[in-house]
Every structure is written in C-alpha cells, then in structure tokens.
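Undergrad: First the structure, then my questions, so here it is.
The values are calculated or read from the model by the stated rules, or taken from the named source; none is laboratory data. Owing to the predicted nature of the structure, the values given are computational and were not obtained by experimental measurement. Don't worry about glycine lacking a Cβ; one is built from the backbone with ideal geometry, like all the others, and counts go over all protein chains shown.
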C-alpha cells in the first residue's frame, strides 16, 4: 500500500535567497494539516512528476499552512527545476504526510543547531519550537554570503535574532576551527543538530563528538552519499521471511528487498529509493541486516531492530521482518 497523499494549493511564493524559493501551501479541501514535530519532511510531487523530499520549515504550531523551501540545483534532474519554473501561485501539488527522522531531544538541556545553505530548513522549524518554549538554543548558520543565506529577514527578527550566529564566506581550511568554536561551550546534556552538504556535516560530527556523546548528535541528509562497497559479511542473495505468515522470498543480488517483496504481492512504501527518507523502514524480528541507508542513527544500526528495505541487505541467510 502506497503512502497517503494530499492535494494542496500554493498560496504564496517567496524568494528567500539566491536560488532558494519557499512555497507556502494549504490543503485544497480547506481542512487543517495534522500536527507534525519540528524536523519533519514531506514528499512533494513536482509538475514534472518527480517526487522529492523537502523539510517543513514553518512554525509547527501553524496548522492552516505549511512551508517548504527548494534550492534550484544546477544539475537538477527535474525536481527542483520543475518546482521553480512551473509552479505559480494557485498551482495544485500532491504532498505526502510528514515523516520525521530528525527530532528534537526533549530531555536536552541545550540545543546547538548548525546548518549550511539550504540545510537551514529543518533547523528553522526547530528554532520556532525552541523559541516558543524559551528553551536554551543557538542557531549557527553557514552560507557563502548574505545573498545566499535563506530566511534572513526572519532570522534577523525576534524571537530568533538573539539566538542566531551567522558565519559567512568561511574558507574550507578555516571551517574545522569555526565548528569547534560552535560547540566549545556545550554543556552537559547538550544536543547538536546539523543539516547541510555531507562534507560539512561530517566536520560538524567530528567537532561535536569531542564534546557530546554520539547519541546526542543528530543529522538530516538530503541525498545519499556514494554507496559504500559491500563488506565481507554481505551476502549476494538471502531469504526474507514474513513474520506474520511465514512466507519466504529470495532476494537476489540485483534486486532490493522492496523488489522481492513486491514480487509476492507485498508492497512496502518507498519514496527516495536511496535510504535517505526512511519511508521504507520495517522492524526486524531476527537476522542481521547490513545497513546501507543514510537515515538510521548509530544506536538503531547497532540494535539491528529496523531496516531500510530500499537499499539495505542482509549478513544472515534469513532475515525475518515484522510484516
């Protein structure tokens, strides 16, 4: 069964920065949106028919509208280009229900948000929630220039201005020291959240792990990194068993778990197909997954309790899934 979609109308378009446009949408049926937590993203089907995931960056307490922002990529395969070139005020789009793999830690004593470029989007929704709760937080925003920094009119205004530190035009060789400074005074119980290009987030993690535990570092990836080579323990083929029925299907080397399950009539929701969005996550009853996704936390990977069926494989001959 495929994920539910909603018909929405584009009520406003705003140029937020060079190449970045925000889309304010409301439901065509005029009903309010359901509640979502900061850090959530939605699937958006562009006029070209391509589905991409975009973070919700508006106030999570606003149910009459939702906001997402899109950077027009020079090497766009049709998703961002279509949304920029073909969508006008009044255009109707299909969007999915919010999903969240990038949540605020409720028990954190302090929140350090570190974003680069379009990576500001999920952090902005977090800032809305944290400001409303008068929580202790700092938002570090790295951008090439102020013209490339999105949502600056909003971030320069209350209640955000007092919490925002802008880092413009930082040269690559200076970035590690700047990131070290961002987390230098992280106190006990602090959590670090980062979103942006993969190399940037890798540097954030390097700086943060010297100050806070690994499970207090949270990442949101917009696209998959190049696939890692299979480990020695990886199997070319393996069996997947359905816990509820005992039915078994073979997963060959050139097919995904999603493909194999579909061949016996079991549809698993998918979206990105790259192990980024988490739509295809399924609980594991027994067996040892080989995780090739980019969305599970270190703790989730270590527990082997869940698997992303679109990209991950198995280290054990049989993988039993809770379906």
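Undergrad: Working carefully through the options 36, 84, find the one that is crowded, with 18+ Cβ neighbours inside 10 Å and either in the same structural domain as residue 169 (by TED's automatic domain parsing) or more than 16 Å from the chain's Cα centre (by Cα) (or both).
TA: Sole residue among the options that is crowded, with 18+ Cβ neighbours inside 10 Å and either in the same structural domain as residue 169 (by TED's automatic domain parsing) or more than 16 Å from the chain's Cα centre (by Cα) (or both): 84.
Undergrad: Is the range 5-21 home to any residue that is surrounded by fewer than 13 Cβ atoms within 10 Å (Cβ to Cβ), farther than 23 Å from residue 279 by Cα and over 19 Å from the mean Cα position of the chain (by Cα)?
TA: Looking through the range 5-21, at least one residue is surrounded by fewer than 13 Cβ atoms within 10 Å (Cβ to Cβ), farther than 23 Å from residue 279 by Cα and over 19 Å from the mean Cα position of the chain (by Cα).
Undergrad: On to the next question. Among strands (runs of 3 or more DSSP E) lying entirely in the range 242-323, which contain 2 or more residues that are at pLDDT 90 or above and more than 24 Å from residue 219 (Cβ to Cβ)?
TA: Per the criteria, 248-251, 281-286, 318-321.
Undergrad: Sticking with this structure for a sec: Kindly establish whether residue 15 is without any contact (Cβ under 8 Å) to a residue 24 or more places away in the chain, over 16 Å from residue 94 (Cα atoms) and either in the same structural domain as residue 270 (by TED's automatic domain parsing) or assigned to a strand (DSSP E or B) (or both).
TA: Spelling it out, residue 15 is indeed without any contact (Cβ under 8 Å) to a residue 24 or more places away in the chain, over 16 Å from residue 94 (Cα atoms) and either in the same structural domain as residue 270 (by TED's automatic domain parsing) or assigned to a strand (DSSP E or B) (or both).
Undergrad: Could I ask something else about it? Considering only residues that are modelled with pLDDT under 95 and loosely packed, with under 15 Cβ neighbours inside 10 Å, look in the range 87-104 and name the one that is nearest to residue 39 (Cα to Cα).
TA: Result: 103.
Undergrad: Ok, one more. Kindly indicate which of 210, 174, 135 is farther than 28 Å from residue 293 by Cβ and either in the same structural domain as residue 41 (by TED's automatic domain parsing) or not in a helix (DSSP H, G or I) (or both).
TA: Just one listed residue meets the conditions, 135.
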